[in-house]
């Protein structure tokens, strides 16, 4: 496993991190708890040292799974990253749904509940999951600073924030890490990622394999259930975007034949080639996926292969 400096934190972080959304079962179909624990440990065995989770992943199931995976291991074996700022006022099964709430009271409650599920005294990184338009940034920043003083968190940051929102947290001195959806089929956050990298903020990508579409698993248009994330969260599983992605996959197939590497490693390699990305999260569900993804950090695409892929993205992807 290769490592990089994690922004201005001075930490060494693995180029790949464990993403645990899919392990939670929610929105991704049935999954095995044991397989999830084994997948995390497989990643750790490969040298991965960043585990990302969130309360909203399975309404706490993902955090509990991470806690189980870390049992019996040294606490400094991995950087544990979770999120905050989303609540369910009517309960998790209420039709009222979720609410973005980054108020002091909400963040204080969120971290205590997360630590209990994780069975830990602190987390290394706490991210505001989605921006809350009603809470002033000064209140958010003051709360994050207080949590650092209390020893509940070491570093803080944001996920899915606009550039202006990132700048506001940066100016308040609490933007250590950012996380965005970023992949060959989702490049919307390049401006934010580039700005953050230039300002010493550690950067992470999620959805790095495009929810599996870049691994070649989905070659035919499918209809997903209303609650499944592939149909709800990722528009490229629908036409006309889907057909455009299939053209990109044809070029990826050519690069796969040249390198004798599977498509998932090519997609991960493409992300790792970006100078503005510190680490790429892999949403693994079992040890086999973990092993395959980790092998992406043992080799690099050539400049010619990268240009071939970038040319296909420019030519085929119109979204």
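What number results when the radius of gyration of the chain, computed over Cα atoms, is divided by 2.2 N^0.38 Å? Show your work: numbers first, answer last.
Details: Rg = 18.8 Å, N = 319, 2.2 N^0.38 = 19.7 Å.
The reported ratio for this selection is 0.96.
How big is the range 275-315 by the Kirkwood estimate over distinct Cα pairs, in Å?
This gives a value of 12.4 Å.
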Using eta = 1.306 mPa s and T = 10 °C, Stokes-Einstein with Kirkwood Rh from Cα pairs puts D for the range 255-297, in µm² s⁻¹, at 145 µm²/s
Taking only the alpha-carbon positions of the range 36-84 as identical scatterers, the Debye log10 I(q)/I(0) at q = 0.18 Å⁻¹ comes out as -0.50
Measuring from the longest principal axis of the C-alpha atoms of the chain, the long axis of helix 303-316 (C-alpha) lies at a number of degrees, nearest 10, equal to 90 degrees
Most exposed to least, judged by fewest other Cβ atoms within 10 Å, 166, 84 sort to 166, 84
With only helices counted (DSSP H, runs n ≥ 4, each -39500 (n - 2.57)), the per-residue ellipticity at 222 nm for the chain, to the nearest 500, works out to -12000 deg cm²/dmol
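Taking neighbour counts of Cβ atoms within 10 Å as a proxy for exposure, in what order, fewest first, do 300, 282 appear?
Numbers: 300 14, 282 27.
Lowest count first: 300, 282.
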P(r) over all Cα-Cα pairs of the range 208-319, 10 Å bins from 0 to the longest distance, whole percent per bin, short to long, reads 13, 45, 35, 6, 0
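For the range 176-241, what percent of Cα pairs sit more than 20 Å apart? Kindly include the intermediate steps, with their values, before the conclusion.
Values: 776 of 2145 pairs.
Summing the P(r) of the range 176-241 above 20 Å gives 36 percent of all pairs.
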Mean separation of Cα contacts under 8 Å (at least 6 apart) over the residue count of the chain, i.e. the relative contact order in percent, is 21 percent
Here the relative contact order (percent) of the range 185-244, from C-alpha pairs under 8 Å and at least 6 apart, is 22 percent
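Any idea what the relative contact order of the range 162-319 is, in percent, if you count C-alpha pairs under 8 Å spaced at least 6 apart?
Details: 194 pairs, mean separation 40.2, N = 158.
The normalised contact order for the range 162-319 reaches 25 percent.
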Expressed as a percent, the portion of alpha-carbon pairs in the range 1-77 spaced more than 16 Å apart is 51 percent
hull vol. (C-alpha, convex hull) per residue for the range 127-233, Å³ -> 127 Å³
The Rg/Rh figure for the range 90-185, Cα atoms and Kirkwood Rh, to two decimals is 0.98
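We did not get these values from a lab; they are worked out from the coordinates using the rules stated. Because the structure is predicted, anything quoted here is derived from the model rather than measured. Methodologically, a virtual Cβ is constructed for each residue, glycine included, from the backbone with ideal geometry; neighbour enumeration extends over all protein chains shown.
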